[in-house]
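The values are calculated or read from the model by the stated rules, or taken from the named source; none is laboratory data. Everything numeric in this text was worked out from a predicted model, so none of it was measured. Glycine gets a Cβ as well: all are built from the backbone with ideal geometry, and neighbour counts include every protein chain shown.
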Ligand code: HEM
């Protein structure tokens, strides 16, 4: 008898306790309530519906339908987390600058990239962020222009010349992987790219997957690729460390590993060799899927916007005509590519490579009269403001002239690189590599879409469903004898 009474009493106390806990948790602001919206089926919530919308490129309609139903602040549940969806420039400002919101990555990404900038916190995060901002600041990027130029020319000769048809997305991925690896890894870059291009792709594909580590899942494949890449980069890092210890100087001076070891010796951070390797992986992943999406969609836009293409050709031909055939592009040349960069920004507006940003509330927050409980996620999608006619007239029209007067674009409505303290540190790097790549592609080729109605998906980066096959025509010959040899080999 006694045990039953005891169990009932215990259950009643537990129920009362849970009730008090939950009502206290959700009512810290007496006038605020949780945002409207539904959380869907427990754990799963809207995850599959959102992933389906992303993969069918209907995510913008998906977000707008929720905003229409529930307003600019609503709740949902994605990837197992209760999440508040926010819309508008004020929401972007809130997400990117509020100190009680912490950058959030998927569990998959945390497992895939280990202790990189994307997952570190506190002092360690400050140290890595400051090191990375130093490494990617404009006067440093200036030093990488020659490396970028060399890699773009090398890859164009290898993969584009002598072909009458190419598929742009895989070549753009290879190009941006080659560029970022040449800069951050130095002389061993080519070996890594050759051996691990497919692994980088599998790793990137696994970022938005359920973290179930079994062989045939996206996540399982991503984890295996991540381990292979980590092993290869660790080998390079050990070599750099040894050469620094033995000779007191590094073999290659602009690579990120040497840069980080040098900062370590000056006491600027306390990262281990393993942490540095994870950060190299974080930079490569942050850099290559995003910029390749930009280059791919820029090429796509230029095939259907002849007026924009004509202006870009004029700008790029003028730069090419003032250079010798063996000259490399310089920082000054890139600075003259003003119209081309406006077209790139218009591409980033219409097809942002990063579809949105997640944060986690580190304490209870009130936003616009709604209560956001500690631990909930907060999310904003870039398309919500990028494709809103209140901020961009005729928003689906591709019109680079919108960027002629930046002041006419309302603050916090154009956010392809995020904002605030976690804003993308690679903005300048991506601008320069995109301009270098577009210079050679535009001056040397003409292209036509093979499938005019090819759609695209977000997986999570935007990708044309067939990878954007195009017919190629040579416009200007390559600059060197080597290139003519490459042309001969391909066409022979
Ligand atoms: C078109 C190209 C690019 C786009 C659109 C882009 C976009 C973004 C966005 C939106 C974020 C912030 C995400 C958030 O706050 O939730 C971000 C972060 C980041 N990006 Fe980029 N990115 C690009 C190129 C690059 C390049 C070239 C690099 C490196 C060379 C890079 C490295 C990073 C890193 C390391 C972070 C994390 C920063 C942190 O967590 O503090 N990105 N990027």
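Name the residue, out of 350, 330, 325, that is surrounded by fewer than 24 Cβ atoms within 10 Å (Cβ to Cβ) and within 23 Å of the chain's Cα centre (by Cα).
Details: 330 fails: within 23 Å of the chain's Cα centre (by Cα); 325 fails: within 23 Å of the chain's Cα centre (by Cα).
That would be 350, the only listed residue that is surrounded by fewer than 24 Cβ atoms within 10 Å (Cβ to Cβ) and within 23 Å of the chain's Cα centre (by Cα).
Contact annotation: residue pairs with Cβ atoms under 6 Å, 6 or more positions apart or on different chains, pairing a residue in the stretch 121-139 that is closer than 16 Å to residue 275 by Cα and touching a residue at least 40 places away in the same chain (Cβ under 8 Å) with a partner that is more than 10 Å from the ligand (Cβ to nearest atom) and part of a helix (DSSP H, G or I), are 131/263.
Condition check ((1) touching a residue at least 40 places away in the same chain (Cβ under 8 Å); (2) under 24 Å from residue 144 (Cα atoms); (3) surrounded by fewer than 16 Cβ atoms within 10 Å (Cβ to Cβ)) across all residues:
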| position | (1), (2), (3) |
| --- | --- |
| 193 | no, yes, no |
| 202 | no, no, no |
| 209 | yes, no, no |
| 226 | yes, no, no |
| 240 | no, yes, no |
| 246 | no, no, yes |
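Of all the criteria given as (1) surrounded by 20 or more Cβ atoms within 10 Å (Cβ to Cβ); (2) at pLDDT 95 or above, the one not satisfied by residue 286 is (2). Restricted to the stretch 458-468, and to residues there that are in contact (Cβ under 8 Å) with a residue 12 or more places away in the chain and more than 21 Å from residue 286 (Cβ to Cβ), the residue that is surrounded by the most Cβ atoms within 10 Å (Cβ to Cβ) is 468. For the stretch 180-297, the helices (runs of 4 or more DSSP H) that sit wholly inside it and include 1 or more residues that are in contact with a helix residue (DSSP H, G or I) (Cβ under 7 Å, 6 or more places away or on another chain) and within 30 Å of residue 340 (Cβ to Cβ) are 189-205, 256-265.
Among the residues of the stretch 169-180, at least one is modelled with pLDDT of 95 or more and in contact with a strand residue (DSSP E or B) (Cβ under 8 Å, 6 or more places away or on another chain). Does residue 429 satisfy being part of a loop (DSSP other than H, G, I, E, B) and either buried (at least 19 other Cβ atoms within 10 Å of the Cβ) or modelled with pLDDT of 95 or more (or both)? Here the answer is no, as residue 429 does not meet what is asked. All conditions in (1) more than 23 Å from the chain's Cα centre (by Cα); (2) crowded, with 19+ Cβ neighbours inside 10 Å hold for residue 381, with the sole exception of (1).
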